[in-house]
Amino acid sequence: MTFKKRRIIGIIGIVVLLPVILIAIATPSCRKSSPMFNLFFPATDLYEPLAVSEIDFAKEGQSYQIDFDNKYPGLHMLAIRVSNPPQILEEYEGSFILRLLLSKDGKNILSESIEGPGSPFWSDRSGFVIKHYRVPEELPLGEPLKAEITVIRADQGFEAKYGTSEIVVKKLSDE
């Protein structure tokens, strides 16, 4: 093999291997700081729920707590998933009122009242959104958080119509 061919093969090897090496080195820090990196090189657990817990809309005054920490930057949701969702593009109906309280290290960082179901979503498990938020702009990355959801006004017919419900915290696509 001539010197010229070895040189071309060496240059091609560097051009191919250098980006691979840089990605491998940068992966841990990029995952925690770049939604665009996660869009093009998604982690296997990127869209897996961060936490899931049952909720019963018929139990007025009942509080439900869910602990989580945001693993990746970007758009997230705190939502309610149901076992018997309406048809696609149909709205949810409900007369409940919820109080959402988010805390970090025992200090309240967000408090909201939610009246009735929010924006619906359909995927492998369907439901409606309680709160969209961005990490780290609105809530911190990699720090333990607690969400407390209290049923202020119950809706006795919600479960009969939509089945069992659960609270879910989940990363969403940043597209």
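The values are calculated or read from the model by the stated rules, or taken from the named source; none is laboratory data. The structure displayed is predicted, hence computed values, not measured ones. Here Cβ is always computed from backbone atoms with ideal geometry, including for glycine, and neighbour counts include all displayed protein chains. Areas reflect the complete protein model, heavy atoms only, side chains present, ligands, DNA and RNA absent. Shrake-Rupley method; radii C 1.70, N 1.55, O 1.52, S 1.80 Å.
Below are the figures for this structure:
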quantity	calculated
C-alpha long axis of helix 3-33 to longest principal axis of the chain, angle in °	20 degrees
Placed amide H near L139: partners under 5 Å, 5+ positions off or other chain	R134
K104-V16 FRET efficiency (beta carbon distance; Förster radius 35 Å; 0.05 resolution)	0.20
Cβ-derived FRET efficiency at R0 22 Å, E54 paired with I88, nearest 0.05	0.35
Potential extension, A43-R6 segment - 0.36 nm per residue separation minus Cα distance	9.6 nm
Peptide ranges 70-81, 94-105, 160-171 listed from the most packed, as the mean C-beta count within 10 angstrom indicates	70-81, 160-171, 94-105
Accessible area of the chain belonging to carbon and sulfur atoms, whole % at 1.4 Å probe	57 percent
Leading residue at positive end of dipole, the chain (Cβ point charges), from M36, P144, T164	M36
For the chain, calculated [θ]222 nm from helices alone, where every DSSP H run of n ≥ 4 adds -39500 (n - 2.57)	-7500 deg cm²/dmol
Whole-number accessible area per residue in Å² for segment 54-175, which is evaluated in the context of all protein chains at 1.4 Å	50 Å²
